[in-house]
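> This is the structure I have questions about; it appears just below.
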Amino acid sequence: MSEVVRLTLVSHAMTDAMAAGRFATDEPLNAVGHRQVDSSIELGVSERAYCGPEKRTRQTAELLGLQAGIDTRLADLDCGRWRGDVLGRVDAADLAIWLTDPTRAPHGGESVVDLIDRVKGWMDSLTADRARLVAVTHPSVIRAAIVIALDAPPKSFWRIDIAPASRTVLHFRGHAWTLRSNR
């Protein structure tokens, strides 16, 4: 075992909702997504793998050859009644509230602060492992993990761009998470 926890977060590959600018449902990867997942995603050796419960994260993990256990704490940000809707059809005032106040969830789902708390709980559960871990999850979960690692304010959540089929590496040494790399 390693002296540190090395956590590689992999963003699921492209879906039709992402391509169309829709709030996601539990959908599969599209043809582009299937092509995005290849050996160019360098994972290294891992001792355990996790993924979110949604189809797109499970498929990405399978395409990467991972035997990933499902962890519901890696689920996507719950967008409530906006799920499946096109971004342009959402009330502009509600969207502005959601993008500027991380404590609010005008869609009736989960707030950014609630998501960050959920992800923090999951990350805290990993700190005693001293292992190499991989988690295939969503851009929102990876943004939350970066906010946690950098001890950044929740309002910075939307300023982080996570590409489909990208990886972000975090390390935990002793008392804090650090952002190792992002590509």
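> Take the residues of the stretch 104-120 that are assigned to a loop (DSSP other than H, G, I, E, B) and touching a residue at least 24 places away in the same chain (Cβ under 8 Å): which is nearest to the chain's Cα centre (by Cα)? Walk me through how you get there before you give the answer.
Taking the stretch 104-120 as the starting set, the residues that turn out to be assigned to a loop (DSSP other than H, G, I, E, B) are 104-111.
Adding the requirement that they be touching a residue at least 24 places away in the same chain (Cβ under 8 Å) leaves 105, 107-110.
Numbers: 105: 18, 107: 20, 108: 20, 109: 17, 110: 14 Å.
So the residue we want is 110.
> Say we look at the stretch 145-170 and pick out the residues that are in contact (Cβ under 8 Å) with a residue 60 or more places away in the chain and more than 20 Å from residue 68 (Cα to Cα); which of these is surrounded by the most Cβ atoms within 10 Å (Cβ to Cβ)?
Top of the filtered list is 162.
> Is there any pair linking a residue in the stretch 53-73 that is under 16 Å from residue 29 (Cα atoms) and at pLDDT 95 or above to one that is open to solvent by 30 Å² or more (accessible area, probe 1.4 Å) and in a strand (DSSP E or B), with Cβ under 8 Å and at least six apart or on different chains, and which?
What qualifies is 53/70; 58/70.
> Which of the residues spanning the stretch 122-148 are among the small types (Gly, Ala, Ser) and within 22 Å of residue 99 (Cβ to Cβ)?
140, 144, 145
> Right, next: Determine if the stretch 85-97 includes at least one residue that is under 19 Å from the mean Cα position of the chain (by Cα), over 19 Å from residue 70 (Cβ atoms) and not polar (S, T, N, Q).
no
The values are calculated or read from the model by the stated rules, or taken from the named source; none is laboratory data. Since the model is a prediction, treat every value here as computed from it, not as a measurement. With ideal geometry, Cβ positions are generated from the backbone for all residues, glycine too; neighbour counts draw on all protein chains shown. Each accessible area value is taken on the protein alone, full model and side chains, heavy atoms only, with ligands, DNA and RNA left out. Shrake-Rupley method; radii C 1.70, N 1.55, O 1.52, S 1.80 Å.
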